[in-house]
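The values are calculated or read from the model by the stated rules, or taken from the named source; none is laboratory data. Keep in mind that what you see is a predicted model, and the values were worked out from it rather than measured. Glycine gets a Cβ as well: all are built from the backbone with ideal geometry, and neighbour counts include every protein chain shown.
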Amino acid sequence: MNINKVLMIVLINYCGFVYAENQTNWNALTEQQQELLFPLKNKWNSLPIKQQQRILKKSVKWQHFPQQKKQRLKQKLEKFSDMTPAQRKAFRNRIKKFNQLPRKKQQELRQRREWFKLLPKEKRRELRQQWKSFTVIP
């Protein structure tokens with residue numbers, strides 16, 4: 001058995017995460033998992049098993065994130081959980097389109113977003129109003 005497999009097994013056992021084929025019940029999650037995945041509590045039991053497993057696998061990485069990153073991701077998860085199915089679909093489509101852009105264009109958009117976030121609240125509000133008035137040509 002190679003060292004990577006051994007380390008992964010130790011990490012999974014250390015974190016207390018269980019990857020069962022039929023893991024569907026919220027109550028079967030550890031206290032730590034429930035705390036982390038709390039925004040999904042009401043939907044957890046209805047999620048497909050593969051989606052539950054994917055979420056649990058990603059949650060292992062969570063343990064190693066700095067506190068600031070954990071907080072930011074938790075807020076994003078809560079916001080996503082509050083979206084309607086139509087809003088989630090639109091969000092996923094925007095992400096998909098963004099990921100299809102060339103890396104240089106992605107970086108440019110990230111820089112513009114950071115610039116926008118640094119503006120005073122009133123200026124951001126004003127710009128949003130201006131942008132809403134623009135007509136988008138498909």
When you check LEU77 against the structure, is it hydrophobic (A, V, I, L, M, F, W, C) and under 21 Å from TRP26 (Cα atoms), yes or no?
yes
State which residue pairs qualify: first residue on the phi > 0 side of the Ramachandran plot and inside the range 123-138, second residue surrounded by 10 or more Cβ atoms within 10 Å (Cβ to Cβ) and at pLDDT below 90 in any location, beta carbons under 8 Å apart, and separation of 6 or more residues or different chains.
none
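Have a look at ILE49, ILE55 and point out the one that is modelled with pLDDT of 85 or more, β-branched (Val, Ile, Thr) and within 30 Å of GLN107 (Cβ to Cβ).
Values: ILE49 fails: within 30 Å of GLN107 (Cβ to Cβ).
Only one candidate passes the filter, namely ILE55.
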Hey, among the residues in the range 89-112 that are hydrophobic (A, V, I, L, M, F, W, C) and within 14 Å of the chain's Cα centre (by Cα), which one's surrounded by the fewest Cβ atoms within 10 Å (Cβ to Cβ)?
ILE95
